[in-house]
Each structure stands twice: as C-alpha cells, then as structure tokens.
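Any read-out appearing in this document is the output of simple, stated calculations on the displayed coordinates, not a laboratory observation. In this text, all values refer to a predicted model and were calculated from it rather than measured experimentally. Note: ideal-geometry Cβ built from the backbone for every residue, glycine included; neighbour counts use all protein chains shown.
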Protein chains: 2
Amino acid sequence: MSDQRVLRPTPISGFPEWSPEIRSVELAWLDHIRTGFERYGFASIETPSVESLDVLMAKGETSQEVYTLHRLQEDAGEGSDARLGLHFDLTVPFARYVAQHFNELSFPFKRYQMQRVWRGERPQEGRFREFTQCDIDVINVDQVPLHFDAELPRIVHEVLSGLDLPSWTLRVNNRKVLQGFYEGLGIADPITVIRAVDKLHKIGAEGVRDILLEQAGATPEQAAACLELAAVGGADAAEVAAEVKRLGVRSELLEEGLEELGFVLGSLADLPAGSVVADLSIARGLDYYTGTVYEAAFDDDPGYGSICAGGRYEDLAGQFIRRRLPGVGISIGLTRIFAKLVAEGRIAPGRSCPTEVLVAVPSAERRGEALRTGALLRGRGINTEVFHQAAKLGKQIQYASRKGIPYVWFPPFEDGKDHEVKDLGSGEQATADPALWRP
Amino acid sequence: MSDQRVLRPTPISGFPEWSPEIRSVELAWLDHIRTGFERYGFASIETPSVESLDVLMAKGETSQEVYTLHRLQEDAGEGSDARLGLHFDLTVPFARYVAQHFNELSFPFKRYQMQRVWRGERPQEGRFREFTQCDIDVINVDQVPLHFDAELPRIVHEVLSGLDLPSWTLRVNNRKVLQGFYEGLGIADPITVIRAVDKLHKIGAEGVRDILLEQAGATPEQAAACLELAAVGGADAAEVAAEVKRLGVRSELLEEGLEELGFVLGSLADLPAGSVVADLSIARGLDYYTGTVYEAAFDDDPGYGSICAGGRYEDLAGQFIRRRLPGVGISIGLTRIFAKLVAEGRIAPGRSCPTEVLVAVPSAERRGEALRTGALLRGRGINTEVFHQAAKLGKQIQYASRKGIPYVWFPPFEDGKDHEVKDLGSGEQATADPALWRP
C-alpha cells in the first residue's frame with residue numbers, strides 16, 4: 001500500500017446516500033410506485049437532467065436555486081455549456097418535452113416520470129439539494145376531463161398506502177373556490193390573498209390577516225371572511241358546500257369550484273374515512289394552478305412540509321408551443337418521505353444482497369458441480385451465488401449468514417449422491433432437487 | 001392563449017431523450033440488466049450525482065471533462081457549491097462510497113450501479129454528455145479470488161445475449177501477460193507500450209511501431225515482438241499460451257498472466273463458440289488495471305468503440321482509505337449501445353402506454369360500473385384505464401387503438417347483463433367475467 005496522503009471522504013450535505021440494506025428498501029419503493037402508476041396506464045418518460053437556461057427560466061421563477069454547469073477548463077471556442085442547468089423539478093422539463101415531441105404524442109397524454117432533481121438551496125430538514133420526485137400528469141389539447149382530477153389522488157392514495165408510512169392526509173381544494181369567494185367578497189387582488197392563505201400553517205391566522213389588510217387591500221370584514229373560508233374542510237362534499245354558502249358570498253366561479261370539488265370528493269368516497277379531505281386553506285402558492293389543488297402531509301408532523309402536491313393548470317407549455325395544453329398532475333416527494341423515515345429509524349433495513357441461495361464449494365474438484373448447480377438454479381429464476389473458492393463449509397455458511405442469504409446449497413460430495421439445502425433461518429437441512437426446489 | 005413569444009425548444013446535443021415508445025424498450029432493457037445482475041447476487045447501490053472536486057480529481061484524470069456546479073446567483077456567504085462536480089463514471093463514486101461506508105459493508109462486496117454519468121466532451125458518434133452506465137464490481141479486503149474474473153464476463157454475456165443486439169464479441173486479455181512479455185523482452189517502459197498497443201485499432205500497427213521506437217525506447221526487434229504478441233488471440237486458452245510461448249519470451253509474470261487468462265477462458269468454455277475470446281491486443285489504457293481486462297465491441301462496427309469494458313485492479317480506493325481493496329469490475333455502456341440501435345432503426349418501438357385494458361364508459365349513468373370494473377381488473381394486476389368520460393363507443397375504441405391498448409372492456413349497459421371484452425388485434429368480442437378474465 002502506498003503511503004500517499006489519504007483524503008477521507010465525508011458526506012456532502014443535501015445529497016443523501018444509503019447503505020445497501022436501505023437502498024434495497026428504496027428500490028422496492030420505486031418499483032411499487034412505478035407499478036402503481038402503470039396500473040392506471042401512465043407511460044414512463046425520462047428527460048435529460050439538463051435543460052438550457054432559457055427553458056429553465058421560461059417562467060422566470062426560482063432562478064437562484066438553479067445549478068448551472070461549467071467545464072472545469074472551458075474550451076475557448078465552445079462556451080455553450082455555460083447556458084445549461086440541472087432541472088429543479090420535473091414539470092418544466094415535461095412541458096418542454098411535450099412541446100418538442102408534440103406531433104409524436106397521442107393525447108390525452110398520461111405520463112409518469114421518476115427522476116432526480118437538483119436545487120441549490122441551503123439543506124435543512126426535509127430539503128435536499130438532490131432528490132427524487134415521482135410525478136404523474138395527464139395533459140390534453142384544449143381541455144382535460146374532471147375525471148382525472150379524481151383519478152390522480154386515488155392513484156396517490158393507493159401508492160402511498162402500500163408504503164407503510166406514518167399516517168398522512170391528502171387535502172384537496174379548488175382554486176376556483178378561493179378566487180370565486182374572494183372576488184365575490186369584492187377583493188381587488190385575489191392572487192395576493194391566495195399567496196397569503198398558502199402561508200396559513202406557517203405564519204398563523206394573525207400573520208395572514210396582516211398581509212390581507214396591508215398588502216391585499218382587504219377590509220377587516222373581508223379578511224375575517226377569508227380566514228373563515230380557510231377554516232372550512234372535511235370529507236363530506238355537501239357539508240363543505242353548505243358551510244361555504246353559510247358565509248354568504250356568491251359568485252359563478254365559486255359555484256363552479258364547489259361543484260368540481262364535490263365531484264372529486266364524491267368520486268373518492270369509497271376510500272378509507274379521513275384519508276382524503278377537503279381543506280379550504282390549501283392554496284398552493286404557484287400561479288399556474290387554476291382548479292383542483294392537492295397537498296399531503298404527515299399527520300404527526302405537518303410542519304415537515306408536503307409529501308406530495310399538485311393540481312390542475314390551464315396551460316402547461318405556453319412558453320414553448322402555441323397550443324393550449326391544460327392538465328392535472330401530482331408529484332410525490334420520494335426522497336423527502338424516505339429520508340425522514342430513515343432518519344427516524346422507521347425503515348427496517350432490507351437484505352444486504354438479493355441472493356437467495358449460496359451454493360457451497362466443498363472442494364476444488366467439486367467446483368464444476370457447484371457452478372452447474374448455480375446455473376441451474378439461476379435458470380429457474382432463483383438469485384444464486386456460487387461461493388468464490390473451495391473452503392471449509394463452516395466458513396461458507398458464515399459468509400451466507402453474515403450477508404443474510406437465507407439458504408446454503410450443498411452439491412453432492414461425489415457423483416450420484418444427493419444435493420442438500422440448509423435453511424439458515426430454521427437450521428433445518430434436507431435433500432433437494434435443484435431442478436424442482438423453490439426457496 | 002397568450003400572444004407572448006414562444007421559445008421553440010430544440011434538443012441539446014449529447015443529451016439523448018426518447019419518445020414513450022422507445023423509452024418503454026429502454027425501461028425493459030434496464031429491468032433485464034438489473035435482473036441479470038441480481039441473479040448473481042449483486043446488490044444495488046446509488047451514489048449522488050455529485051461529488052466534491054477533491055474526490056473526482058483524486059486520481060488526477062480527465063479533469064477537463066468534469067462538469068462543475070454553480071449557483072446562478074451564488075450567495076456571497078456560501079460558495080461551497082463551486083467545489084462540486086457531476087460524476088464522470090461510477091468507479092470513482094464507488095471507491096469513495098466503499099471508503100466512506102467501509103465499516104457498514106460486508107466483504108467481498110458485490111454491487112451493481114446503474115446511473116447516469118456526465119462528461120463535458122464534444123458530442124460525436126457514440127459519445128454523449130449524459131449517459132447511463134451499468135456497472136458491476138466485486139471488491140474485497142486484500143485479495144479477490146480469480147473466480148470473479150470468470151464470473152463477470154459470464155454475467156455480461158448472459159445480460160447482453162438477452163437484448164437482441166447485432167453480433168458482438170467480448171475480448172479478454174491479462175495485463176500481466178503484456179507487462180510480463182514486455183519485461184521479458186527487456187523493454188524499460190512497459191506502461192508506454194501498453195498505452196500504445198491500446199491504440200492499435202485506431203492508429204494501426206505502423207502507428208504503434210512508431211510510438212514503441214520513439215517513445216518507449218524499443219529496438220525494431222522488440223517492437224516487432226510486441227506487435228506479434230498483439231496479434232495472438234482465440235477462444236482456446238492452451239493454443240493462445242502455446243502461440244505466446246512460440247515468441248520465445250519468458251518471465252514469471254508472463255507465466256502467471258497466461259495461467260489466469262487460461263482460467264478465465266476455461267471457465268467460459270461452455271458459452272457459444274466465439275462469443276468470448278482472448279485478444280492480446282486488448283490493453284485498456286487506464287493505469288489501474290493489473291490483471292484480467294475486458295472489452296466488447298460490435299463485430300460489424302468495431303470502430304464505434306467498446307460497448308462494455310472493465311478489468312481487475314489492485315487498489316480501488318487507496319486515495320480514500322488505508323486499506324488495500326482490490327477488485328474486478330465491468331461496465332456496460334447502456335446509452336452507447338441503445339442510442340446506436342435507435343439511430344439505426346433497430347429498436348422496434350414498444351407500446352405508447354402500459355395499459356392492457358381500456359374500460360369503456362357507455363353513458364354517464366354507467367360510469368360507476370365502469371370505475372368498479374376498472375378497480376377490479378387493477379386489483380388483479382391488470383393495467384387498466386377507464387375512459388375519461390361517457391362518449392360514443394366508436395370514439396373510445398379509436399382512443400384505445402391509437403394508443404395501442406390491446407383490449408376494450410364493455411361493462412353491462414344495464415345491471416344483470418354480461419360484461420364483454422373486445423380484442424382489438426383479432427377484432428373478436430366475447431362475454432367475460434372481470435373477476436376471472438386474463439389478457
């Protein structure tokens with residue numbers, strides 16, 4: 001070994017990394033989520049990690065979070081990489097993808113996309129600089145049926161319910177309810193109100209009230225009504241509509257919003273009670289949402305931030321194509337969820353390797369027989385290692401045990417004798433036929 | 001629609017992206033490769049896309065290809081992102097991972113890693129700036145049995161054989177054969193010879209000869225012997241060894257190398273003839289290989305570059321930890337292979353969506369029945385869409401046909417009647433029970 005200086009690597013804050021045992025659980029989660037999305041007919045796409053800055057900035061948002069790419073030694077003649085950045089979400093790349101491939105796609109286009117995204121923000125609880133998002137969106141030319149507003153939370157519910165999470169609630173609202181109510185109240189700047197209400201859980205009712213009075217030009221009565229609306233919620237659509245109407249505000253947009261919200265909640269009435277509820281304080285700050293909005297959080301730690309979120313938008317890709325492409329989408333914050341559970345010790349580590357059977361090599365002479373046995377088991381779909389050298393059987397059993405391999409296979413010590421297999425869990429050992437045996 | 005200016009997005013050179021139909025094939029490939037790796041007991045790990053530049057540069061190589069990360073608006077107080085770069089392979093991150101998690105891992109550690117990597121090089125045929133590599137490595141403390149030198153090409157053979165590729169050959173050599181031969185010849189600088197021979201297929205025998213004479217200090221006789229050695233090859237290990245010995249050079253290292261090469265080829269003798277062969281011109285330019293080296297290329301386009309490559313190294317992570325960690329690994333250049341076949345039209349597009357059944361909605365009144373039928377089919381593991389609105393059946397069948405969905409399901413028009421299912425391939429329609437039917 002050289003005596004050169006050693007550079008002890010340390011984790012980089014905001015870039016999570018897992019041991020093989022934890023990774024095996026993450027992989028099972030990713031498989032589960034993908035299967036759930038495909039079960040509803042969503043197609044996989046992936047986009048490059050990189051977009052041109054023009055594309056990333058087309059909406060003029062979040063610019064300071066974007067990581068730009070540079071060559072360590074930029075060629076004099078080729079500076080174009082300086083115009084590239086890592087995507088910070090999967091919505092902007094999806095919009096660009098749809099515009100670019102518009103003529104190749106068949107609509108309504110239902111896609112899922114499970115990829116890493118990057119944000120150059122200060123790492124803190126629940127915030128990472130590299131993380132995996134799992135997005136589903138349905139887009140169509142000109143209009144998207146309300147059917148999908150109800151289908152998306154059902155998919156998310158199905159997917160998250162299979163992940164053994166601490167209890168969580170998916171909250172639904174409709175921006176038309178908010179905008180219609182504020183307009184009906186006579187508020188001049190409903191967007192400012194929406195942005196303020198979106199902060200309710202962070203800054204409290206008093207904080208929201210101050211913004212409404214000082215920035216949205218609301219009267220104290222109007223501000224009070226906005227806060228009353230934000231307190232409305234529950235699983236029963238009719239009751240929610242009744243409560244809103246009791247506040248005495250009328251507008252066509254409000255009516256329309258309540259109807260849509262009622263359709264979504266009504267379609268989900270078969271789900272377990274309380275798992276999907278209306279919550280009229282859910283606003284989602286982003287400007288582009290126009291109808292249904294969704295947000296889920298852990299019940300015992302709502303301040304941790306949303307574990308999935310989304311909504312309906314009227315125009316996905318207007319920056320990139322002269323076609324109106326409305327849609328509805330939800331994004332699951334996989335890393336945010338998973339990392340929290342890892343940190344809290346709630347993820348039971350999986351196996352350190354996928355091996356189901358270790359075939360022992362009792363002697364150099366019997367290595368060929370061990371290799372043939374391994375090939376036979378693999379051919380039958382069983383994940384199999386053949387021990388890497390002839391060694392004492394005790395050492396080979398110890399290797400399997402240390403790696404959590406459940407079975408050790410003993411090929412016959414001489415031709416014509418039986419194979420045997422040992423179950424390391426029970427300690428039982430029995431003869432077995434490699435052409436028939438199953439773990 | 002706004003009349004704002006539209007930014008027509010264009011593909012960024014070197015960053016491939018696929019339509020849903022092509023992506024579905026890529027996804028099937030990724031699944032196939034992963035299954036192949038797991039079948040031999042390799043465990044999945046992933047590392048962040050980002051490493052500190054200290055880590056990326058620890059070997060002092062390929063620095064100009066590294067993409068460094070910068071914030072678009074760097075905070076005055078927090079310039080640390082400027083010390084981060086995207087990984088350019090999976091070996092350096094793996095070395096760092098093993099050093100960092102050394103005490104958590106169980107050895108020999110067999111891992112696979114299928115991730116994107118980035119290289120800021122000029123895009124050209126077969127060279128991308130973002131691409132997916134599929135790596136397997138076995139590492140151990142102090143020594144790694146030769147067993148794995150033979151197992152890795154077997155895995156790669158099994159995996160690539162399942163991908164319906166144009167014919168390819170996996171070539172094997174051993175650096176000890178080269179180094180031992182050059183030393184036995186009395187050449188002072190064998191590393192320069194290895195680097196020159198590595199370019200044989202690019203610059204030809206004359207080009208190599210020139211380097212040997214001018215840079216490696218070889219005599220014309222020595223150079224001729226080196227080129228004779230590079231011409232040796234074939235599937236029969238004994239014949240290869242005999243041919244080498246006929247060249248009249250002797251050294252202990254050469255003997256050792258020929259024995260190892262013989263072991264590897266002998267272990268793979270059951271594979272189809274010609275699929276794995278010795279080729280003593282294979283050198284692999286990288287300094288860290290010390291024994292077996294591998295390289296595979298397409299037979300009809302060897303100039304395209306290697307589609308997989310690897311070898312044995314004596315010290316994976318010496319820059320990061322004071323433990324000797326030798327290993328052997330192979331990397332499959334997934335994107336390089338896949339993109340070529342896509343460009344040549346050799347990838348038959350898959351389905352545009354994973355949906356197996358579209359449940360038709362004959363009328364608004366029967367929507368509930370359609371939704372229940374969809375849930376029932378999904379619960380049985382069948383990927384099912386329910387049409388997003390009540391519409392003429394012809395329109396719904398057309399939607400399925402356009403998307404390549406093979407079956408359309410008709411729930412009963414009234415209670416008590418039968419379900420029917422139409423096979424769009426054959427045109428046949430028959431009654432079916434949603435609790436029993438299989439596609």
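In segment A:320-356, whose amide N lies under 17 Å from the spot 7 Å out along Cα-to-Cβ of A:Glu121? List them in ranges.
From segment A:320-356, the list is A:331-340.
Can you give me the convex hull volume of the Cα atoms of segment A:357-432, divided per residue and expressed in Å³?
83 Å³
Report, by chain and number, residues whose modeled amide H sits under 5 Å from the one on B:Thr169, excluding near sequence neighbours (fewer than 5 apart, same chain).
Residues meeting the amide H criterion: B:Ala297, B:Asp299.
Report relative contact order for segment B:20-343 in percent, whole number only (criteria: Cα-Cα under 8 Å, sequence separation at least 6).
Working: 574 pairs, mean separation 70.3, N = 324.
RCO, segment B:20-343: 22 percent.
To the nearest whole percent, what portion of all C-alpha pairs in segment A:65-215 is separated by more than 18 angstrom?
Distances greater than 18 Å cover 76 percent of the Cα pairs.
In the Gaussian network model of chain B, springs joining C-alpha atoms below 10 Å, which of B:Val277, B:Val386, B:Val342 carries the largest mean-square fluctuation?
Comparing B:Val277, B:Val386, B:Val342 in a Gaussian network model of chain B, the most mobile one is B:Val386.
What nm value, rounded to one decimal, do you get for the distance between A:Glu256 and B:Val141 when each label is placed 7 Å out toward the C-beta?
Simple spin-label model gives 6.9 nm for this pair.
Using a basic spin-label model with each label point 7 Å from the Cα along Cα→Cβ, how many nm lie between B:Arg351 and B:Asp287?
Rounded to a tenth, the inter-label distance reads 5.3 nm.
List the residues of segment B:221-240 whose backbone N lies under 17 Å from a point placed 7 Å from the Cα of B:Ala205 along the Cα-to-Cβ direction.
B:221-234
Obtain the nm distance between the two label points defined at A:Arg438 and B:Asp270 by a simple spin-label model: each point lies 7 Å from its Cα along the Cα-to-C-beta direction.
In this crude spin-label approximation the distance works out to 2.5 nm.
Using every alpha carbon pair in the protein assembly as shown, what percent of pairs falls into each 20 Å bin from 0 up to the bin containing the largest distance?
Histogram of Cα-Cα distances, whole percents per bin: 13, 41, 33, 12, 2, 0.
Given the -39500 (n - 2.57) contribution per DSSP H run of 4+ residues, what per-residue ellipticity at 222 nm results for chain A, rounded to the nearest 500 deg cm²/dmol?
On the way: 13 runs with 154 residues, N = 439.
Mean residue ellipticity at 222 nm (helix-derived): -11000 deg cm²/dmol.
Within 10 Å of each Cβ in B:8-21, how many Cβ atoms from other chains are there, averaged over the peptide?
6
What percent do you get for the relative contact order of segment A:357-432 when only Cα pairs under 8 Å and 6+ apart count? Could you put the intermediate results ahead of the total?
On the way: 123 pairs, mean separation 23.9, N = 76.
It comes to 31 percent, rounded to a whole number.
If you average over every viewing direction, what projected area does the convex hull of the Cα atoms of chain A give, in nm²?
Working: hull surface 121.2 nm².
The Cα convex hull of chain A, projected and averaged over all directions, gives 30.3 nm².
Return the sequence-ordered ³J(HN,Hα) values of segment B:18-27 in whole Hz as given by the Karplus equation 6.51 cos²θ - 1.76 cosθ + 1.60 applied to θ = phi - 60°, using x for Gly and Pro.
So the J values, rounded to whole Hz, are 10, 5, x, 5, 6, 4, 5, 6, 4, 4.
Can you give the mean number of other chain Cβ atoms that lie within 10 Å of the Cβ atoms in peptide A:414-427?
Working: counts 0, 0, 0, 0, 0, 0, 0, 0, 0, 0, 0, 0, 0, 0.
Counting Cβ atoms of other protein chains within 10 Å of each residue's Cβ and averaging gives 0.
Quick one: net charge around B:Thr384, please, counting Lys, Arg +1 and Asp, Glu -1 for every other residue with C-beta under 10 Å from its C-beta.
On the way: positive: A:Arg39, B:Arg378, B:Arg380; negative: B:Glu356, B:Glu385.
Taking every other residue near B:Thr384 into account, the sum is +1.
Roughly speaking, what is the centre-to-centre gap between segment B:343-407 and segment B:87-123 when only Cα atoms are used, to the nearest Å?
41 Å
May I ask you to list the residues of segment B:355-384 whose amide nitrogen lies under 18 Å from a point 7 Å from Cα along the Cα→beta-carbon direction of B:Leu30?
B:355
Please find the FRET efficiency linking A:Glu314 to B:Ser13, where r is the Cβ-Cβ separation and R0 is fixed at 22 Å, and quote it to the nearest 0.05.
On the way: r = 33 Å, r/R0 = 1.51.
Efficiency for this residue pair is about 0.10.
List the GluC sites (Glu not before Pro) within segment B:99-167 that fall in a DSSP loop (any state other than H, G, I, E or B) and whose Cβ has at most 16 other Cβ atoms within 10 Å. Walk me through the numbers before you get to the answer.
On the way: sites: B:Glu104, B:Glu121, B:Glu125, B:Glu130, B:Glu151, B:Glu158; in loops: B:Glu121, B:Glu125.
Counting only loop positions with at most 16 other Cβ atoms within 10 Å, the GluC sites (Glu not before Pro) in segment B:99-167 are B:Glu121, B:Glu125.
Quick one: what are the phi-derived ³J(HN,Hα) couplings along segment B:130-139, Karplus 6.51/-1.76/1.60 with θ = phi - 60°, whole Hz, x for glycine and proline?
Rounded to whole hertz, the list is 10, 7, 9, 10, 10, 10, 10, 9, 10, 10.
Quote the charge dipole size of segment A:137-203 about the Cα centre in Debye, to the nearest 20; the model charges only the Cβ of Lys and Arg (+1) and of Asp and Glu (-1).
Around 340 debye, computed over segment A:137-203.
Distances from A:Gly425 to the same position in the other copies: list them in nm, one decimal, shortest first, using label points 7 Å from Cα along Cα→Cβ.
Here the equivalent label points are 3.8 nm apart from this one.
Output ³J(HN,Hα) for segment B:381-397: one whole-Hz value per residue in order, computed from phi by the Karplus curve 6.51 cos²θ - 1.76 cosθ + 1.60 with θ = phi - 60°, and x for Gly and Pro.
After applying 6.51 cos²θ - 1.76 cosθ + 1.60, I find x, 9, 5, 9, 9, 9, 4, 7, 6, 5, 7, 4, 4, x, 5, 6, 5 Hz.
Nearest 0.05, what FRET efficiency do A:Arg372 and B:Ala242 give at R0 = 35 Å with Cβ-Cβ as r?
On the way: r = 29 Å, r/R0 = 0.82.
Here the calculated transfer efficiency is 0.75.
Across every pair of different alpha-carbon atoms, what Kirkwood hydrodynamic radius in Å does segment A:149-288 reach? Write down the numbers at each step before the final one.
On the way: mean 1/r = 0.0646 Å⁻¹.
15.5 Å is the Kirkwood radius here.
Ranking A:Thr384, A:Thr47 by Cβ neighbours within 10 Å, fewest first, what do you get? It would help to have the intermediate numbers written out before the result.
Details: A:Thr384 26, A:Thr47 19.
Final ranking by Cβ density, sparse to dense: A:Thr47, A:Thr384.
With the label 7 angstrom out along Cα to Cβ, how close does B:Arg438 come to the same site in each of the other copies, in nm, nearest first?
In nanometres, ordered from closest: 1.4.
Considering the rotation that carries chain B onto chain A, locate the chain B residue whose Cβ comes closest to its axis and report the distance in whole Å.
B:His70, 3
When you look at the Cβ of every residue in A:86-92, what mean number of other chain Cβ atoms sits within 10 Å?
Mean inter-chain Cβ contacts per residue within 10 Å come to 1.
For a Förster distance of 35 Å, can you work out the FRET efficiency between the beta-carbons of A:Glu365 and B:Glu104, rounded to the nearest 0.05?
On the way: r = 37 Å, r/R0 = 1.05.
Step by step, r from the Cβ atoms, then E = 0.45.
Treating the point 7 Å from Cα along Cα-beta-carbon as the label, what are the nm separations from A:Glu121 to the other copies, to one decimal?
So the label point of A:Glu121 gives 3.7 nm to the other copies.
For a quick check, take a GNM of chain B with Cα springs below 10 Å and name the residue from B:Gln133, B:Gln143, B:Gln389 with the largest mean-square fluctuation.
Fluctuation is largest for B:Gln389.
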